[in-house]
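Beneath this line is the structure, given in C-alpha cells, with notes to follow.
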Amino acid sequence: MAAPHAVDVMGRGGMEAGDILTDPLSRDAKRPQFGTRFLTDSRQVFQHNAWDNVEWTEEQEAAAKNKVLQNCEPLPTEKQDEFECRANEYWNDFYTIHENRFFKDRHWLFTEFPELAPKSYPGQESLSESTEEEAEDAQQGGLGSERDNPGSSLPNMAAEFPGSSASYRILEVGCGVGNTVFPILKTNNDQGLFVYCCDFSSTAVELVKANPEYDPERCFAFVHDMCSMEAEFPVPDESLDVLVLIFVLSALHPDKMQASISRLARLLKPGGSMLLRDYGRYDMAQLRFKKGRCLSENFYVRGDGTRVYFFTQDELNEMFTVAGLEKVQNMVDRRLQVNRGKQLTMYRVWIQCKYRKPCSQPGQPARTI
C-alpha cells in the first residue's frame, strides 16, 4: 500500500470524498531548494505561495493539541475492522476514480534525496539540517559500480531476478501511479540503475505499467501488501541500495508499521538507505478531520475509506532503530502555505527521514568486496 503552483488546501492526508487535490510537495524542477525562504515580517506573508521552517507559537501548539483532543473518540471496533479488511478495495477505488490526475511528479525528490539522482546530478544540500557530513553522504549515495558501494555484492544469489545485473537498485514502496518512479527514470540515465516499484492497489500498478514511459528493461512494477509478512519480494535480502517511502507508511495500521519497516530493512544492502517523507503531528490535514473520523490516537479515516496516521520524530526514530538502521536525518518540515487569492494561510507539517543500514552488524565483521 501507499502526499504547486496550485495551493493544496487540505492535502491527501485530510481529503474528504469528492475533493480533487494536487500533491502538496510537487514543484517545478527549477524551484529553489526547500528551507531557503523565511518569513521575517508577517506583513509580507502573502508575497509568496509558501514559507519554510515556520516556527509555531506556544498558543498555536496548544490550540492544535486541543483540536486533536476534541476529535479523539475512536469509531467502534467493528467499523475499524471494516476499514482494515476493505483497505485494498478503497485504494483501488481511489485510483480507478483519479487515475494519474491526482498527484504531480515529485521533482523535489532530487533536492531532498540526492541518493535518487545520478552521480553527475548537480549536488544540492537538503533542507535546513544539512551538514558537511551529510553532504559527503549524499555524494557517496550517487550511482556507481558494485565495487564503489561497500556491501553491494549480493550474497548467495545464484538465481537471477529482475534487475539482477544492475549495479544500483531502488525500490519505492507505495508507488501509486509512478509520480516518484518516472521522474527518477527520466532524470537518471545511468545504465546500471534498476528501479522497482510496488503498491497495495492493483489498479495503481496497472496504471504504472500502462504509462508510455514504463520500460521493463529498467523498471519492475508489482503488487505488494507491505503488511503481509508472507508476501514475497521479487528481490533477495541485502540487494537494494535505496528504499523510498513517500506518504505511504502513514496509510498502514499503526500496529503493523514496525513489522513492515523491519521487513523492508532486510532488503537493504549494508550501507543502503531508507528514505521517508510523511505526515507530521498537527499537520493541517489532521486538524481538519471532523468528529467521527478517528480510528485511534492520531489515526483517521478519510471520506473515501483510505486511512492516514500523523507521526512524531520520536515514533519514526524508534521504528527505524528497532529495525537495525542508523539515523542520518530525522527532521520536521513546517511549511506555511498561502492562498493569495483567498488570503488564507495553511500550516503544513511533514517529517523527512533518512536512515542507513550499518555496513556491518554488531558482532559481525565488516563485509569486504
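The values are calculated or read from the model by the stated rules, or taken from the named source; none is laboratory data. Just so we're clear, the structure is a prediction, and the values are computed from it rather than from any experiment. No Cβ is skipped: glycine too gets one built from the backbone with ideal geometry, and neighbour counts run over all protein chains shown. Surface areas here come from the heavy atoms of the whole protein model, side chains and all, with no ligands, DNA or RNA. Shrake-Rupley method; radii C 1.70, N 1.55, O 1.52, S 1.80 Å.
Here are the numbers:
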| read-out | value |
| --- | --- |
| Contour minus Cα-Cα distance for residue 230 and residue 262 (0.36 nm per residue) | 10.2 nm |
| Heavy atoms of residue 224 accessible to a 1.4 Å probe, total area in Å² rounded to 10 | 10 |
| Heavy atoms of residue 90: accessible area, 1.4 Å probe, square angstrom to 10 | 30 |
| Solvent-accessible heavy-atom area per residue, rounded to whole Å², over region 262-315 at 1.4 Å | 29 |
| Net charge over other residues, Cβ less than 13 angstrom from the Cβ of residue 223 (K, R count +1; D, E count -1) | -3 |
| At 1.002 mPa s and 20 °C, Stokes diffusion of region 181-290 via Kirkwood alpha-carbon radius, µm² per second | 137 |
| Across 65/291; 256/290; 79/290, pairs whose alpha-carbon gap is larger than 21 Å | 256/290 |
| Compactness of region 178-224 - radius of gyration and Dmax, Cα, Å | 10.2, 29 |
| Nearest-10 value in Å² for the accessible area of residue 202, using the 1.4 Å probe | 40 |
| Amide H contacts of residue 221 (H built 1.01 Å from N, under 5 Å, at least 5 apart or other chain) | 197 |
| Estimated distance in nm for a label pair at residue 211 and residue 187, the labels positioned 7 Å out from Cα along Cα-to-Cβ | 1.3 |
| Potential lengthening between residue 255 and residue 77 on full extension [0.36 nm per residue; Cα-Cα distance subtracted] | 62.6 nm |
| Theoretical gain in end-to-end length, residue 97 to residue 314 [0.36 nm per residue, Cα-Cα removed] | 74.5 nm |
| Cα-only Debye scattering, region 245-289: base-10 log of I(q)/I(0) at q = 0.15, 0.16, 0.23, 0.29 Å⁻¹ | -0.48, -0.54, -0.90, -1.14 |
| Simple spin-label estimate for residue 60 and residue 321 in nanometres, 7 Å along Cα-Cβ | 2.8 |
| Sites residue 70 and residue 160 - FRET efficiency at Förster radius 41 Å, r taken between beta-carbons, to 0.05 | 0.15 |
| Too-long pairs where the Cα-Cα distance tops 19 Å, listed order kept, from 269/354; 186/357; 269/327 | 186/357 |
| For residue 64, net neighbour charge (Lys/Arg +1, Asp/Glu -1) across residues whose Cβ lies under 14 Å away | +1 |
